[in-house]
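The values are calculated or read from the model by the stated rules, or taken from the named source; none is laboratory data. These figures come from a predicted structure and were not determined experimentally. Every residue, glycine among them, receives a Cβ derived from its backbone with ideal geometry; neighbour counts consider all protein chains shown.
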Amino acid sequence: MPYNPGIAPRGELMGMGLGAGLQSMAQQYGEGLKLQEEQKRYNKQQKQQKKDRRDLEKTDLAQAKILARASMGEEAAKEFISNNLEVWDAAEVRGWMTGQTESMKFKAQQMSYDLGALKLEEYENILKQKPIMRQAMADMAMGTSEQNLSAMDSLNLAVSMNPDLSPDNVLKLNDLVQKRQSIKMEGRVLELRELANQIAAENARNNAETARIQGEQVDLAQQKFKQSETIREEGPKATDVEGLPNYKAVTLPDGRTSLVSTKPVADPVQEMEKKTMSDTVDKKVKIAYEEADQIARGGGEELKELKGGDERTGLGVSRYDRLAGQLTELEAASSQYKAKTGKEHPGLKSFYDRAGSLVMHMREQDRTDNDIKRILQSVGWMRRYNQMKSEGRDKEAKQFADEFGVDLKD
């Protein structure tokens, strides 16, 4: 064949084809090596995860055995360990440990409550040794049971009915009221704790079953992954769900997808404690406002026969003084709520908003300056105003003064 400069010789064409083939083979070989390395890395990771899981399960089992011996005794624990702990799966062991720990906490709290109740009974018996104290305590009980008075109002009633009580005896009666209130609150907390334990036990059972199912799903996904000839993404994949900010769509390696909540679960005991505190504040707001309303309307029908319109109740305690005491209890309850939740209870502001309207009503009715001054003192108006000023809330302080018709320039 004559030489044609536009066509490559046959040998050159063969060399070009062979080079391209070798290059393709090299690329395939490199990709195969990468695939093998990825598989080795994945296998190593899975092996380490299994080891970590086994170590954690061994630790849980060891701790569960210690807990069983501590709570049951050596002989009973041996049988329980062999028949239960050593044959349970990891989720069941952990669930049992959680339940036992909460149960021990509850028993300790119950013992503390029983001891406190016993000490209170001893204290009451000591006080009853004196006839005047025994009579005062009986009057307090009568005020609570027959007149439906609060503990502090019953104490005030007993003091008024027993004028011979010394200041020291009054202090002891006040201490008795505080101890009774403390024991009552502790008993309420125990009831809430028992309810929470029941909820926790049910959740533990549900969590154990969920963990078992999830464990089976993960094992199945791992088996399918090993059998597959291609590399899949490792582990579950979580993605956002449009319109559901507190949920994630979790896709397992085998392709199945489930909706999982990301919102933290609130402690039921803490939520019940907050609600109890909130209810206490609301109750004291109602009591204090009703007292202030009686003052604003002139004291109520039961005060018509009293001379001078001095706003005194049938017990000889002025409504202004009683309102001041109720306001003190309201502020204490609100402070406890703020310490627990980090924010002021809205009921306190609501009380002052409505109390301001009552004071303005008293001004419109031409009540004396002394009446206005005394009700402002009873609700601690200046104390709250100064608190706003000290915190730099000048605008709120000005509005607060306007609501009560107070002009501090005067």
Could you identify the single residue in Ser357, Ser350, Ser261 that is within 22 Å of the chain's Cα centre (by Cα) and either closer than 30 Å to Leu192 by Cα or modelled with pLDDT of 90 or more (or both)? Ser261
Helices (runs of 4 or more DSSP H) lying entirely in region 39-154 (those with 1 or more residues that are in contact (Cβ under 8 Å) with a residue 40 or more places away in the chain): 90-127, 131-145
Flag for Lys284 being in contact with an Asp or Glu (Cβ under 6 Å, 6 or more places away or on another chain), assigned to a helix (DSSP H, G or I) and at pLDDT 90 or above: yes
If the requirement is being at pLDDT below 90 and farther than 18 Å from Glu290 by Cα, which of these qualifies: Lys398, Lys409? Lys409
